[in-house]
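Here's the structure, in structure tokens; my notes come after.
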Amino acid sequence: MTAGKKRQPSLAQLRAFAAVAEHLHFRDAAAAIGMSQPALSGAVSALEEALGVTLVERTTRKVLLSTAGERLAVRTKAVLAEVGALLEEAEAVRAPFTGVLRLGVIPTVAPYLLPTVLRLVHERYPDLDLQVHEEQTASLLDGLAGGRLDLLLLAVPLGVPGVTELPLFDEDFVLVTPLDHPLGGREGIPRSALREMRLLLLDEGHCLRDQALDICREAGREDVPATTTAAGLSTLVQLVAGGLGVTLLPRTAVRVETSRSSQLLTGSFADPAPTRRIALAMRTGAARSAEYEELAGALREALSDLPVRTVAA
């Protein structure tokens, strides 16, 4: 068959191959895209015929990508992302703030800001189908780059090419201690006090852990022995209540997390207090960028009742 007579690949074939490339398993790939396994296998075979190359090496135990398959999987992912952007732009032009918006949120933001975000969307954008995904930062950025997510709500700066940040607010960190701690409940705590404390941290992968370590380094502390860690802020605070150490909490989390125990005190740092910045993040040049910028402005207004300092656009 000559090159000029080769059939054009269909989107269904490209989606099938992309799923196989991701899962390396025909059954799992078929389930992921809602296609029967025979139909998926047929779509991949048809794509191989259309392209004139072998993409997948099939064995009885597992599926492997050929060298050509590995190269073309990257291009296939990019093509599907562009098709998704085309559909997204058409939807945005047709009717702003309608359709699906897939929002990714980090765990140290979700419980404290989502009530405000959801109320805003419900009241101001009732035709928007907001879908929320709580994941750690690295996973969220992968989802944004691959088109699985549309918009992120997380701590910045990210410093990631191709991602535009829309700052929302800054918030201070506070020191959470057991009742008998000498700095419990104090104001104007110097950062240097962190050098000698037994600081409890979140597990690896949480950006809040990295922020806490940065604050310690700024205070002149080189290392924080990770003898005890937690998967979430709720557990972290309970460890503090049990006398295992102290921790740092963003101010938006204080009311929710410290209300569960009477064995805690919170102290504030001397100015300039350690802070974190929360922002929306989108793909640079996203079709719905005007909508996302408007949403950011609406969120700044809605979040102003929280103990934060909103950031001008």
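The values are calculated or read from the model by the stated rules, or taken from the named source; none is laboratory data. Bear in mind the structure is a predicted one, so any value in this text is a computation, not a measurement. Glycine also receives a Cβ, built like all others from the backbone with ideal geometry; neighbour counts cover every protein chain displayed. Heavy atoms of the whole protein, side chains included, go into the accessibility calculation; ligands, DNA and RNA do not. Shrake-Rupley method; radii C 1.70, N 1.55, O 1.52, S 1.80 Å.
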Test: residue in segment 174-181 that is under 24 Å from the mean Cα position of the chain (by Cα) and either open to solvent by less than 10 Å² (accessible area, probe 1.4 Å) or touching a residue at least 60 places away in the same chain (Cβ under 8 Å) (or both): yes
So A31, is it under 28 Å from the mean Cα position of the chain (by Cα) and at pLDDT below 85: no
Count - residues of segment 84-142 that are among the polar types (S, T, N, Q), part of a helix (DSSP H, G or I) and touching a strand residue (DSSP E or B) at 6+ places or on another chain (Cβ under 7 Å): 1
Lone qualifier among L153, L158 - being surrounded by 15 or more Cβ atoms within 10 Å (Cβ to Cβ), at negative phi and touching a Ser or Thr at 6+ places or on another chain (Cβ under 9 Å): L158
Test: residue in segment 146-155 that is free of Cβ contacts under 8 Å to residues at least 12 places away in the same chain and closer than 25 Å to A312 by Cα: no
Looking only at segment 192-201, and only at residues there that are in a loop (DSSP other than H, G, I, E, B) and aliphatic (A, V, I, L, M), the one that is surrounded by the most Cβ atoms within 10 Å (Cβ to Cβ): L200
One residue from R251, R277 being in contact with a strand residue (DSSP E or B) (Cβ under 8 Å, 6 or more places away or on another chain), open to solvent by 30 Å² or more (accessible area, probe 1.4 Å), over 21 Å from R119 (Cβ atoms) and modelled with pLDDT of 90 or more: R277
Qualifying positions in segment 108-132 - open to solvent by 40 Å² or more (accessible area, probe 1.4 Å) and under 24 Å from L208 (Cα atoms): P111, P115, L118, Q131, V132
Test: residue in segment 182-190 that is touching a residue at least 40 places away in the same chain (Cβ under 8 Å), open to solvent by less than 70 Å² (accessible area, probe 1.4 Å), out of contact with any helix residue (DSSP H, G or I) (no Cβ under 7 Å at 6 or more places or on another chain) and not in a loop (DSSP other than H, G, I, E, B): yes
Criterion: on the phi > 0 side of the Ramachandran plot and surrounded by 15 or more Cβ atoms within 10 Å (Cβ to Cβ) - qualifying residue of G267, G245, G220, G285: G245
Filtered residue count, segment 81-98, keeping only those that are within 21 Å of the chain's Cα centre (by Cα) and surrounded by 17 or more Cβ atoms within 10 Å (Cβ to Cβ): 1
